[in-house]
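Below you'll find the structure, written out as structure tokens, and then a few comments.
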Amino acid sequence: MFEINETHDQNLKSWVESANAPDTDFPIQNLPFCEFDYETEEGAAWSVGVVIGDYILNLNKCLEDNLIDEFEGVPGQHFFMIENLISLQSEKNETSLNLRRKLIDLLCENAGEEIQSKVARNLHPISECTFSVPLPIGDYTDFYCSIFHATNVGAMFRPDNPLLPNYKWLPIGYHGRASSIVVSGTDVKRPKGQNRGDTEQPPVYIPAKNLDYEMEVGFFVGKGNQMGETIPIENAEEHIFGLCLVNDWSARDIQAWEYQPLGPFLAKSFATTVSPFVVTMEALAPFRVPAFERDADDPQPLDYLNGETNRKSGGFDIKLEVYLQTPKMREESVAPFMLSRSNMKDLYWTIGQMLTHHASNGCNLQTGDLMATGTVSGREKDERGCLLELTWRGKEPINLPNGEERRFLEDGDEIIMKGFCEREGFRRIGFGTCRGRILPAE
Ligand code: CA
């Protein structure tokens, strides 16, 4: 239902020159949404925007100026984007596709001079904007959908039986904490918690020692469902507005002691970082791939998780990269060091299956809910999406180019995540960055 159309033409160019740079994440074919603050002569103002090159197009102002008029939005209202874009996705996404077409008309190089000068007044340089979490997030659920990550982590604890029997039957998940989700660029204070590193002694309450990140992809619920209703797999993507990058910060020592029998709790809930830009399902249409190819002796998904469209194109080819910059590297102006690169297409379960499974008991999903895939790891060693895997619980430290080494994150370390899509015949699009720096514990 998210089809490739004229809005994905690689030859489309914008009169916003920076959008035509070959390496930009934000060409005219992308147009991700964000919420941002900017300065005016009357003080700070807020708006919903779309990213074009090095600028944010102020959608609330475009509405005021009648540049976009597809729907009856109330400029400045916090729920503008949600109510006027996402909930209207129910009409086979026509509204969001119409808006995409309209924005491309306004921003493409063929736009008339008068339009260009009107639109240009509503562009803000990204460097002059501050961003917030892109949607008000009511609920957050984190999955565990990379079979490579699950197998690696399982192998550390159960070498003979790394995958539990349910893994290939359902997308494993847990309910995360929405209140501590922060936008990229927000510092994260090292959490304190119970550590029982010495099993001969009682636990102690200390700053987490084994602080880690997890490279994940998030997706936002657009249209929700009523409590008691389920979401058929073939309709699942109608309920998804778009994707972002997620860093699920994890305190491994707290996690190791607290996780049985009910799963992660305080090891995760102190902070989760999201990138500020939501890349829409429309923009991602050229980068869809078949769902993960299961081994011949793996079970097929139960019927409610098994749909033809999902099998054929439920996956995403999104390249993911994680970089680390230590305080010493910053002082010495050493560029961030790449820790891993993985790809979302290696996930065992699709986001459609995650969403359908989430609602399969009648749980009502709501507009703005965030779901994340779980750590995206691949088959290879350099495709492992967290330090727990990369250093094998700290046993194999990473040697950095400047002579430092890391088992887990130290105070002052910054983790920078990137995501982008490339395909022959199409324009490269990207997600921007998702970054966060560790502050010392209180
Ligand atoms: Ca996670």
In the range 20-34, the residues that are acidic (Asp, Glu) and either open to solvent by less than 10 Å² (accessible area, probe 1.4 Å) or more than 18 Å from the chain's Cα centre (by Cα) (or both): Asp23
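Conditions (1) more than 15 Å from the ligand (Cβ to nearest atom); (2) farther than 16 Å from Tyr174 by Cα; (3) at pLDDT below 95; (4) small (Gly, Ala, Ser), marked per residue:
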{"site": "Phe241", "(1), (2), (3), (4)": "yes, yes, yes, no"}
{"site": "Arg252", "(1), (2), (3), (4)": "no, yes, no, no"}
{"site": "Gln255", "(1), (2), (3), (4)": "no, no, no, no"}
{"site": "Leu262", "(1), (2), (3), (4)": "yes, no, yes, no"}
{"site": "Pro276", "(1), (2), (3), (4)": "yes, yes, no, no"}
{"site": "Glu282", "(1), (2), (3), (4)": "yes, yes, yes, no"}
{"site": "Phe292", "(1), (2), (3), (4)": "yes, yes, no, no"}
Single match in Ala155, Ala120 (criterion: surrounded by fewer than 18 Cβ atoms within 10 Å (Cβ to Cβ) and farther than 24 Å from Glu214 by Cβ): Ala120
Residue within the range 115-122 that is of a type outside the set (Phe, Trp, Tyr) and free of Cβ contacts under 8 Å to residues at least 12 places away in the same chain present: yes
Met371 vs. criteria within 16 Å of the ligand (Cβ to nearest atom) and outside any helix (DSSP H, G or I): yes
Candidate set: the range 388-418, residues that are part of a strand (DSSP E or B) and open to solvent by less than 70 Å² (accessible area, probe 1.4 Å); chosen: the one nearest to Met344 (Cα to Cα): Met417
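When you check Phe219 against the structure, is it within 16 Å of the ligand (Cβ to nearest atom), in contact (Cβ under 8 Å) with a residue 12 or more places away in the chain, closer than 20 Å to Val376 by Cβ and part of a strand (DSSP E or B), yes or no? Steps first, please.
Working: within 16 Å of the ligand (Cβ to nearest atom): yes; in contact (Cβ under 8 Å) with a residue 12 or more places away in the chain: yes; closer than 20 Å to Val376 by Cβ: yes; part of a strand (DSSP E or B): yes.
Judged against the criteria, Phe219 is a match.
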Some residue of the range 230-242 being hydroxyl-bearing (Ser, Thr, Tyr) and open to solvent by less than 10 Å² (accessible area, probe 1.4 Å): no
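Conditions (1) within 15 Å of the ligand (Cβ to nearest atom); (2) part of a loop (DSSP other than H, G, I, E, B), marked per residue:
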residue: Ile137; (1), (2): no, yes
residue: Met156; (1), (2): no, no
residue: Pro159; (1), (2): no, yes
residue: Leu164; (1), (2): no, yes
residue: Ala178; (1), (2): yes, yes
residue: Val182; (1), (2): no, no
residue: Gln194; (1), (2): no, no
residue: Gly197; (1), (2): no, yes
residue: Pro202; (1), (2): no, yes
For Gly385: the one exception among (1) within 23 Å of Ile254 (Cα to Cα); (2) surrounded by fewer than 21 Cβ atoms within 10 Å (Cβ to Cβ): (2)
Qualifying residue in the range 341-350 (condition: in contact (Cβ under 8 Å) with a residue 40 or more places away in the chain, in a strand (DSSP E or B) and crowded, with 21+ Cβ neighbours inside 10 Å): yes
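The values are calculated or read from the model by the stated rules, or taken from the named source; none is laboratory data. Just so we're clear, the structure is a prediction, and the values are computed from it rather than from any experiment. FYI the Cβ positions are ideal-geometry reconstructions off the backbone, even for glycines, and counts take in every protein chain you see. Ligands, DNA and RNA are stripped out before the accessible areas are found, and what is left, the full protein with its side chains, is counted by its heavy atoms. Shrake-Rupley method; radii C 1.70, N 1.55, O 1.52, S 1.80 Å.
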